[in-house]
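As structure tokens, the structure follows; a few thoughts come after it.
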Amino acid sequence: MKVAIVGASGAVGQEFLRILAEREFPIDELLLFGSKRSAGRTYSFRGKDITVKELQHNDDFKGVDIAFTSAGGGTSQEFAETITKYGAVMIDNSSAFRMDADVPLVVPECNAEDALNRPRGIIANPNCTTIMMVVALQAIERLSHIKKVHIASYQSASGAGAAAMAELDDQYRQALAGEEVTVSKFPHQLAYNVIPQIDVFTENGYTKEEMKMYNETKKIMHSDVVTSAMCVRVPSLRSHSESIWVETERPVSVEEARDAFAKGEGLTLMDDPSKGIYPMPLFLAGKDDVYVGRIRKDLANPNGLTFWIVSDQIRKGAALNAVQIAEYLIKVGNVKG
Ligand code: 2RA
């Protein structure tokens, strides 16, 4: 395969390099692209140094089979035609095309086959908070149809990128040294704080991040499920957490749910609260699965169940999910190679 990574210097781009190497993805040639600023940087892949080229409107994507793009919505919009012109499958991590009817939105554990129908050659990777949630929801949906979901998210600095992670580290150092704290990547100081805002507010009072969960969940699950989210930035560095309350058509017991999570694809059950065992972001950074714990009946709803999930937002929430989509296409013989 000839593979390209667009946005190679970013947090997700760097994770692509690690994941493709770890999973022995079948690559004959790897091309790295970035902005003018990151062009010329060199990264090592399988013992070979690869130089980042500036992304431009030219024929650089001729012969490319799969392009993983993670350079922001504006870049994806501007370069989609250049990238896909010669038949490359563009697996896009931005929000640019997610809700377009002719672009599949895919989480392989839920709707892998949707990736086969891509009239524009583009497959969208959902937002990180949605990806990790639907992997868990899918296990419950198989037991009984989920009608409603409420979520409170606890999102790490990593969701805002590599520079934001560095800013959180700086803020802790600055606060401890009694210096003025730099605030640039977050709307307020995050160190020693939590911020009930991720992305900008929309007309209904929900943020764009919260509306992504509402819209993307329906599209991925092919479901009428309604989702109401409260997304919060917390001062952990990497891996997002979510408290989830689901309402199903029939009551689902804790035992049934635990068994479904234990068997579910992409899920690891971590649920022994009496021994202090439950998922925590600090300890699950760098892991692939969505971890589930604190499974209980919802005391306010006889058809309700509540649980807690943690997943590495840069891996399953971004780069890993995209690579798994590509692996599925290869497995079913759907990319030319
Ligand atoms: C965040 N979900 O955590 C976003 C990243 N896509 O900021």
Between VAL332 and TYR86, the two model label points (7 Å from Cα along the beta-carbon direction) sit apart by a distance in nm of 2.7 nm
In the structure shown, of LYS85/LYS208; LYS287/LYS316; LYS185/LYS219; LYS2/LYS85; LYS208/LYS287, the pairs separated by more than 20 angstrom at the C-alpha atoms are LYS85/LYS208; LYS185/LYS219; LYS208/LYS287
For the stretch 53-103 the chymotrypsin sites (Phe, Trp or Tyr not before Pro) that pass both the DSSP coil test and the at-most-12 other-Cβ-within-10 Å test are none
Classified through the alpha carbon gyration tensor (a ≥ b ≥ c as square roots of its eigenvalues; rounded if a/c is under 1.5, else prolate when a/b is larger than b/c, else oblate), the stretch 130-312 comes out prolate
Looking only at aspartates and glutamates whose Cα falls under 18 Å of LYS331's and that sit 8 or more positions away or on another chain, we get GLU22, GLU24, ASP28, ASP65, GLU109, GLU113, ASP114, GLU265
For the chain, the helices passing both cut-offs (Cα extent along own axis of 15 Å or more, Kyte-Doolittle mean at least -0.5, full DSSP H runs) are 11-22, 73-84, 128-141, 162-176, 320-331
Mean-square fluctuation maximum in Gaussian network of the chain, Cα pairs under 10 Å, restricted to LYS212, LYS48, LYS62, hits LYS48
Taking a crude spin-label model, label points 7 Å out from Cα along the C-beta direction, the TYR192 to ASP272 distance in nm is 3.8 nm
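Most exposed first by the Cβ proxy, i.e. fewest other Cβ within 10 Å, how do LYS275, LYS219, LYS331 rank?
So the ranking, lowest neighbour count to highest, is LYS275, LYS331, LYS219.
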In nanometres, the difference between 0.36 nm per residue of separation and the alpha-carbon distance of GLU180 and THR202 is 4.8 nm
Once both label points are put 7 Å beyond Cα along the C-beta direction, the GLU255-MET230 separation in nm becomes 3.4 nm
From the Cα centre of the stretch 1-23 to that of the stretch 56-81, the distance in Å is 14 Å
Quick calc, the chain, dipole around Cα centre from Cβ unit charges on Lys, Arg (+) and Asp, Glu (-), nearest 20 debye, gives 220 debye
Extend 7 Å from the Cα of LEU237 along its Cα-to-C-beta direction; within the stretch 11-26, residues with backbone N under 15 Å of that point are 11
Restricting to aspartates and glutamates and to Cα separations under 16 Å from LYS212, and discarding same-chain partners fewer than 8 apart, the set is ASP92, ASP100, ASP199, GLU203, ASP224, GLU242
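Here, each number is a calculation from the coordinates, and none is a lab measurement. Everything numeric in this text was worked out from a predicted model, so none of it was measured. Neighbour counts are summed over all protein chains in view; Cβ atoms, including those assigned to glycine, are modelled from backbone coordinates with ideal geometry.
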